[in-house]
Amino acid sequence: MNQEQRKWVYLFTLAIVWGSSFILIKKGLIALTPLQLGSLRTVISSLFIFLIGYRSLKTILSGQWKWIVLSGFIGTFLPAFLFAFAETEVDSGVVSILNALVPLNAILIGLAVFKITSTKMQILGVILGFVGASMLIFNSMELNPDQNYLYAGFVVLATVMYAFNVNIIKHYLQEVKPIAIATGNFVAIFIPALLVLIFSDFFTVKTFENEAVYASIGYVSTLAIFGTVMAKIIFNNLIQISSPVFASSVTYLMPLVALLWGLIDGELFGLDQGLASLLILCGIYLANKKAKKNRS
């Protein structure tokens, strides 16, 4: 399999795995608080990746650790909590679509911070994407008036962090093995996550008096191993063999998977929301298509 084929295989694999992560978060929140879910997810992920990747840590140079640590916090630690808090009020399908803002933010941050040139087509794509995101939030508020859509801001903040992360990996960690990046990330965030888990009252009798907690822990464990560890390794690899924008465009496909799970679980999704979602995806497509042409 050549590199071109490999990057598409990685892209579709990530779409399925990450597209399913939103429903797993929703199910995990049945018996866990957002702090418990986010920290438990990180702790389980850390323990799992240490087993398979600890030897790779010696390949990380001393000057690369500051970027590894920063990548760990903005690419994994903080978003784990932001998405958990968001899904306490916003449907998982809507969250997945807002997550599609990552490629657009990657372009903006690449322009503003990393001095990557932008074109009129990319700017148009960014504008369309953010108009679509605004429409999606307002239309969802009308369809589900009992939900607090201010919590959608947590998702938008997480997409900005993800966008910073892909640019950091591409520009400063290009020579580091994907497994080393992922393992180093969790070395940096394991202790903070464990402290949050301890102070969230997870290890109490009250938590385990609720029989539903065992199913929630099962959902979070699945999310941690597949949606965090394995997907993170694949994603880091994808960034290195493609580009930040191409890697981020996995968010084209994730909403299709997430929406299917949401509809199966009884979530509402109207025509206006569908049109707003298409506007977001069209904006991403325009920005990404032009970027590809420029690279060629």
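Among the helices (runs of 4 or more DSSP H) lying completely within region 199-296, list those that include at least 2 residues that are at pLDDT 90 or above. Break it down stepwise before answering.
Working: elements: 205-209, 212-222, 231-241, 244-248, 254-264, 271-295.
Where helices (runs of 4 or more DSSP H) fall fully within region 199-296 and carry at least 2 residues being at pLDDT 90 or above, they are 205-209, 212-222.
I want to confirm something. Restricting to region 169-183 and keeping residues that are surrounded by 19 or more Cβ atoms within 10 Å (Cβ to Cβ) and either polar (S, T, N, Q) or within 18 Å of residue 41 (Cβ to Cβ) (or both), which single residue is modelled with the highest pLDDT?
Restricting attention to region 169-183, the residues satisfying the condition of being surrounded by 19 or more Cβ atoms within 10 Å (Cβ to Cβ) are 169-170, 173, 176, 178-183.
Filter again for either polar (S, T, N, Q) or within 18 Å of residue 41 (Cβ to Cβ) (or both), leaving 182-183.
Working: 182: 91, 183: 95.
The qualifying residue modelled with the highest pLDDT is 183.
I'd like to know if region 61-74 contains one or more residues that are within 30 Å of residue 264 (Cα to Cα), of a type in the set (D, E, K, R) and out of contact with any Lys or Arg (no Cβ under 8 Å at 6 or more places or on another chain).
Restricting attention to region 61-74, the residues satisfying the condition of being within 30 Å of residue 264 (Cα to Cα) are none.
The answer is no; no qualifying residue exists.
Test residue 21 against the stated conditions and say whether it is part of a helix (DSSP H, G or I), within 15 Å of the chain's Cα centre (by Cα) and of a type in the set (S, T, N, Q). Full working, then the answer.
Values: part of a helix (DSSP H, G or I): yes; within 15 Å of the chain's Cα centre (by Cα): yes; of a type in the set (S, T, N, Q): yes.
Here the answer is yes, as residue 21 does meet what is asked.
Does region 105-163 hold any residues that are of a type in the set (Ser, Thr, Tyr), part of a helix (DSSP H, G or I) and surrounded by 16 or more Cβ atoms within 10 Å (Cβ to Cβ), and which are they? Spell out the reasoning first.
Filtering region 105-163 for residues of a type in the set (Ser, Thr, Tyr) gives 117-119, 134, 140, 149, 151, 159, 162.
Checking which are part of a helix (DSSP H, G or I) leaves us with 134, 140, 149, 151, 159, 162.
Answer for region 105-163, where residues must be of a type in the set (Ser, Thr, Tyr), part of a helix (DSSP H, G or I) and surrounded by 16 or more Cβ atoms within 10 Å (Cβ to Cβ): 140, 149, 151, 159, 162.
Given the criterion modelled with pLDDT of 95 or more, crowded, with 16+ Cβ neighbours inside 10 Å and over 19 Å from residue 219 (Cβ atoms), identify the matching residue among 44, 74, 25. Full working, then the answer.
On the way: 44 fails: over 19 Å from residue 219 (Cβ atoms); 25 fails: over 19 Å from residue 219 (Cβ atoms).
On inspection, the qualifying residue turns out to be 74.
The values are calculated or read from the model by the stated rules, or taken from the named source; none is laboratory data. Owing to the predicted nature of the structure, the values given are computational and were not obtained by experimental measurement. Quick reminder, even Gly has a Cβ in these numbers, built from the backbone with ideal geometry, and neighbours come from all protein chains shown.
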